[in-house]
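Novice: What follows is a single structure, and I will ask about it in a moment.
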Amino acid sequence: MAEILLSEAEKTFILHGVEEGFRCDGRMRLDYRPMEVETDVVSHASGSARLRLANTDILVGVKTEIDTPYPERPREGKIEFFVDCSANATPAFEGRGGEELGTEISNSLATAYQSSQTFDLTALCILPGQQCWKLYIDILILECGGNLFDAVSLAVKAALHNTRVPKVKGACLDGGTVDLQLSDDPYDCCRLDVSDAPCLVTLCKIGDHCVVDPTAEEETCSSGSVVIAITEKSLVTSVFKTGVGSFHPQTLIDILKVGQTIGLSVNKALRAALLEEEQQGRKKECFGFLK
Amino acid sequence: MTQNVHIRLASQRIDNTIVGTSEVPRLYTPGEIITCRSGFMRGHGTYMEEDALTASVAGVVEQVNKLISVRPIKNRYNGEIGDVVVGRITEVQQKRWKVDTNSRLDSVLLLSSVNLPGGELRRRGTEDEQMMRKYLQEGDLISAEVQKIYDDGSLSLYTRSLKYGKLCQGVLVKVFPSLVKRRKTHFHNLPCGASMILGNNGFIWICPTVSEDEENGLGGFTENLLEVVPRTDREVIARLRNCILALANCKMMLCDTSILYAFEESQKYEVLELLRPEPMLDVCVLTQQRLYMQEDE
């Protein structure tokens, strides 16, 4: 994580604020900053979304490709995450500087999406054991304002919601090779069901308390955070810890309980926003990066 | 415990430009031709391309006789002697500190340009050099004044006055340097119960007001980390922070009056609500109106 410099006095101020339950920007411990989401921002991707959470700016593009399924999972498609940390976000990402953080985020997403009870990969199967869809999810971090995990996972979910997979009209088996015929009409496609896709919720430990949606300054003050992946059905699919600090077992259990309720409301808010955008129909204006 | 999660759509984005009574100036974009006529001199922010004077930055054109330059809307801080700045120590070197002041190059704070703790006046020896990290270490915030500008554009700062020095508990807000109005004084003890340093470099420091007798003239090297800022002060500081960011978001000039007006107009909202775009715009519009009313009087 790109660390920023803070003086001891500033850290103390933040720490006391968290203890008091009144953070530097007026939020309480469990409040999120307002977010903004827009889907279908990249015209040449199968699905895309951009999410802004205060100063954190994430762009996600989804590309579909035909691939052969894993031999041990013949009825499932594939999904691959790649995170690119742009040097525009912070100079520390220049060269290979952002690689470590990128791998950490993509690995955490891969684990969160691994469970068979989350995002349904069987829908991506075309011919069992022979052909399946592979989703390449490319995540671009354009600006870093703290809370990357949550923002990235929400953007990924929005992009998957927007993804359109072309329909397969027919297939002919010619010896060992499969020949697929795809629909020519770009509007003739199927959508993915993202209702079970998980969202990541970061609970950042500052002092003896935990906060959600930490700013970059607050992240500098924290000793460690727990990231929980939760689906809309409040199913926890993965839990991992970042940072160096340790957690008491009882605190960890409390954190998980709190995280579960927050995860539910985050999922609900994203779903409502995506549904609302859907209702605007095809004629919706693309705002993108203007204004 | 409440939990607020708001996710909005890009189509709900609101236009936060406040149209004042004065005319909106013509903005040039990089690569746009300013003039094709010859006889003009090429100033900052412009370049010649095939006999046409072209803008290299986005901003407004300024002309002094034959010299044409483009003043950028968004830029780094260009220091001027006598400016009050807020900066962060990035490096401790021999006899000097490097300070991040939002300019292109890090500024320099020489050991000889600080007041020693206790206000002692003497030559700085090697012992003082070894103690430098005790006075100011990496990450510390200071307020200072620009003493000199070097040939390469980097600044030399000094804190040899009791009003400058190390900053204690509080919040730093970063805005564009061009938004901070140049005033006679940049230190303000606001009536709402907080102090504010409006750095010319766009760094604004908000902290709880310290009473005069508590400051015992140590040159600002005291740091009370055990003291807890009470909740009421915290609310004022957070509200000020959000108001300043709202004003900066609407590209309004920042000075003590505009910030105080925004603070008063924002009272109808919770501090938390000021993070959302609609209340932010509302506060800015009301502030703008009050500023106009004041001008008319």
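Novice: If you scan segment B:229-246, which residues turn out to be within 19 Å of the chain's Cα centre (by Cα) and within 9 Å of chain A (Cβ to nearest Cβ)?
Specialist: B:ILE237, B:ALA238, B:ARG239, B:ARG241, B:ASN242, B:LEU245
Novice: For residues that are crowded, with 23+ Cβ neighbours inside 10 Å and more than 21 Å from the chain's Cα centre (by Cα), tally how many sit in segment A:28-48.
Specialist: Count: 1.
Novice: Could you give me the residue pairs with C-beta distances under 9 Å whose first residue belongs to segment A:214-233 and is within 14 Å of A:LEU256 (Cα to Cα) and free of Cβ contacts under 8 Å to residues at least 60 places away in the same chain, whose second residue is among the hydroxyl-bearing types (Ser, Thr, Tyr) and crowded, with 23+ Cβ neighbours inside 10 Å wherever it lies, and which are 6+ apart or on separate chains?
Specialist: A:SER225/A:THR202; A:VAL226/A:THR202; A:ILE228/A:THR202
Novice: Taking the residues in segment A:3-20 that are without any contact (Cβ under 8 Å) to a residue 60 or more places away in the chain and out of contact with any strand residue (DSSP E or B) (no Cβ under 8 Å at 6 or more places or on another chain) as candidates, determine which candidate is surrounded by the most Cβ atoms within 10 Å (Cβ to Cβ).
Specialist: A:GLY17
Novice: Tell me, yes or no, whether segment A:24-37 has at least one residue that is touching a Pro at 6+ places or on another chain (Cβ under 9 Å), more than 8 Å from every other protein chain (Cβ to nearest Cβ) and either part of a loop (DSSP other than H, G, I, E, B) or modelled with pLDDT of 90 or more (or both).
Specialist: No - not one qualifying residue is present in segment A:24-37.
Novice: Based on this model, can you work out whether A:SER238 counts as touching a Leu at 6+ places or on another chain (Cβ under 8 Å) and small (Gly, Ala, Ser)?
Specialist: no
Novice: I've got another one for you. What strands (runs of 3 or more DSSP E) lie completely within segment A:185-291 and have 2 or more residues being more than 28 Å from A:LYS167 (Cβ to Cβ) and within 12 Å of chain B (Cβ to nearest Cβ)?
Specialist: A:199-206, A:209-212
Novice: Related question: Confirm whether A:SER223 is within 15 Å of the chain's Cα centre (by Cα) and surrounded by fewer than 20 Cβ atoms within 10 Å (Cβ to Cβ).
Specialist: Against the criterion (within 15 Å of the chain's Cα centre (by Cα) and surrounded by fewer than 20 Cβ atoms within 10 Å (Cβ to Cβ)), A:SER223 does not qualify.
Novice: Then there is this: Scanning segment B:247-265 for residues that are part of a loop (DSSP other than H, G, I, E, B) and more than 14 Å from chain A (Cβ to nearest Cβ), which turns out surrounded by the most Cβ atoms within 10 Å (Cβ to Cβ)?
Specialist: Filtering first and then ranking leaves B:MET252.
Novice: Moving on to the next point. Report yes if B:LYS74 is without any contact (Cβ under 8 Å) to a residue 40 or more places away in the chain and either surrounded by fewer than 16 Cβ atoms within 10 Å (Cβ to Cβ) or closer than 30 Å to B:GLN169 by Cβ (or both), otherwise no.
Specialist: no
Novice: With the requirement that a residue be in contact with a strand residue (DSSP E or B) (Cβ under 6 Å, 6 or more places away or on another chain) and assigned to a loop (DSSP other than H, G, I, E, B), what does segment A:118-143 give you?
Specialist: Answer for segment A:118-143, where residues must be in contact with a strand residue (DSSP E or B) (Cβ under 6 Å, 6 or more places away or on another chain) and assigned to a loop (DSSP other than H, G, I, E, B): A:THR118, A:GLN130.
The values are calculated or read from the model by the stated rules, or taken from the named source; none is laboratory data. Note that the structure is a prediction, hence the values are computed from the model and not measured. Every residue, glycine among them, receives a Cβ derived from its backbone with ideal geometry; neighbour counts consider all protein chains shown.
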